[in-house]
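Visitor: Before I ask anything, here is the structure I am working with.
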Amino acid sequence: MNLREYVTDGDGIDWPAALLVALGAVVLVGLFVAATTSSAAFGPYNPAWDGTDDFREVIQTDDDVEGELIRETDRYEEVPAEETTAIVVAPDEPYGAADAARVQEFVGNGGTLVVLENYGTDANGLLDAVGADARTNGSVLLDEQSHDQGPAMPIATATANHERTAGVDQLTLNHATAVDPNGATPLIGTSDYAHLADSPGTELEDDTAFDAYPVATVEDVGSGEVVVVGDPSITINAMYGEPDNAAFLQRQYADDDHVLLDLSHGEELPPLASITLTLRELPALQAIVGLFAVVAVIGASNRTFRDGVGAVRDRLGSDGVSGSELSDAERAELLRERHPNWDDERIRETITALNRSRSKHEDR
């Protein structure tokens, strides 16, 4: 019975059956969405406003770079450091000694590390571990003059003449913090009317100190470089397309061949994405899955073949005609009638198998 026959009856549509099919389809779609997407803030498979699905897709579809998501810092030891940029976006937990040591070695060997953070301290711990001097301040950066939809969304237009800001005139920020350079080179800064506060709703007071604050810096560490940005939200879907966030982010890895999106200290990936990454990371598992796929295809083909032979037997029996009384041409006609999509070669193979099966039965 096919789907059309299931949802119809003699009087038209069988509504209970149709509703059951529709419910099943909705459940399957829901399961697929749950298995392929995430709701975590800054999640690379989160298509909502606070996810980084757009940023991830741009990297993974860029023909000029080889982009990959990594869940373990072991990968830092395997890539060519001088040709690789690693990006860390608002980590949820601190890097342990072993993980931090791998990142430090990567930078020391010529790799580029880009760290984006505003309020958390986990990124500052990583910066300290790799030997960088810049730190994110942690206070909310407000700009009373140069902003988008309010002081908590500053527009930073003080852009340095540097290769990492080529083609970038501004950053559009959202609840950012300042970056304390501590000797690092400022790349982009706010207007002179910015100030730091405890929360976005902090009101101005008479003694509020206004100043220009860096929001992105770069510095040499070993043979590599460390870029620090005081706002991870420039990577989220709602902000990635704002001027000139995408251009700035893409500029950070434009001269490299590899990009690592470091998820080792972030939220868990959705199940299907996690399975896909696991397959990519384990060649032996790829071989096993491939073998099972081949066996499944062969099994399905044989089953279809056997079903064809059985169909002929059933048809012959239902017509009250003995198989031995039909010629090959008559059997071929029955097969074409029952399976109009079968080609001549398949029909001949089925008849041959049927004859062989009958011959063995008669010998017994």
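Visitor: Taking every eigenvalue of the Cα gyration tensor of region 171-237, multiplying by 5 and rooting it, what semi-axes result, largest first, whole Å?
Guide: Values: eigenvalues 125, 46, 16 Å².
For region 171-237, the ellipsoid semi-axes come out as 25, 15, 9 Å.
Visitor: Could you give each residue of region 326-331 its phi-based ³J(HN,Hα) in whole Hz, using Karplus coefficients 6.51, -1.76, 1.60 with θ = phi - 60°, and x for Gly or Pro?
Guide: 9, 7, 4, 5, 5, 5
Visitor: Let me ask something additional. For region 83-98, take each phi angle, set θ = phi - 60°, evaluate the Karplus expression 6.51 cos²θ - 1.76 cosθ + 1.60, and give the result in whole Hz per residue in order, putting x for glycine and proline.
Guide: So the J values, rounded to whole Hz, are 10, 10, 10, 10, 10, 10, 10, 6, x, 8, 8, x, 7, x, 4, 5.
Visitor: Let me ask something else. Based on the mean of other Cβ atoms within 10 Å per residue, sort peptides 126-137, 73-84, 337-348, 229-240 so the most packed one is first.
Guide: On the way: 126-137: 21.0, 73-84: 17.0, 337-348: 11.6, 229-240: 24.0.
Result, highest mean first: 229-240, 126-137, 73-84, 337-348.
Visitor: Also, quick follow-up: Could you order peptides 214-226, 143-155 by the average number of other Cβ atoms within 10 Å of their residues, highest first? Walk me through the intermediate numbers first.
Guide: On the way: 214-226: 22.1, 143-155: 18.3.
So the order, starting with the most tightly packed, is 214-226, 143-155.
Visitor: Please label the shape of region 140-198 as rounded, prolate or oblate, based on the square roots a ≥ b ≥ c of the eigenvalues of the alpha-carbon gyration tensor (a/c under 1.5 means rounded; beyond that, a/b larger than b/c means prolate, else oblate).
Guide: Numbers: a/c = 2.32, a/b = 1.40, b/c = 1.66.
It comes out oblate by the Cα gyration axes.
Visitor: Sticking with this structure for a sec: What is the packing order of peptides 198-211, 44-57, 171-184, taking the mean over residues of other C-beta atoms within 10 Å and listing the highest first? Don't skip to the answer; put the middle values down first.
Guide: Details: 198-211: 10.3, 44-57: 19.1, 171-184: 22.6.
Top of the packing list down: 171-184, 44-57, 198-211.
Coordinate-derived values only; no laboratory data. Computed from a predicted structure; not experimentally measured. Reconstructed Cβ throughout: ideal geometry from the backbone, glycine too, with neighbour counts over all protein chains shown.
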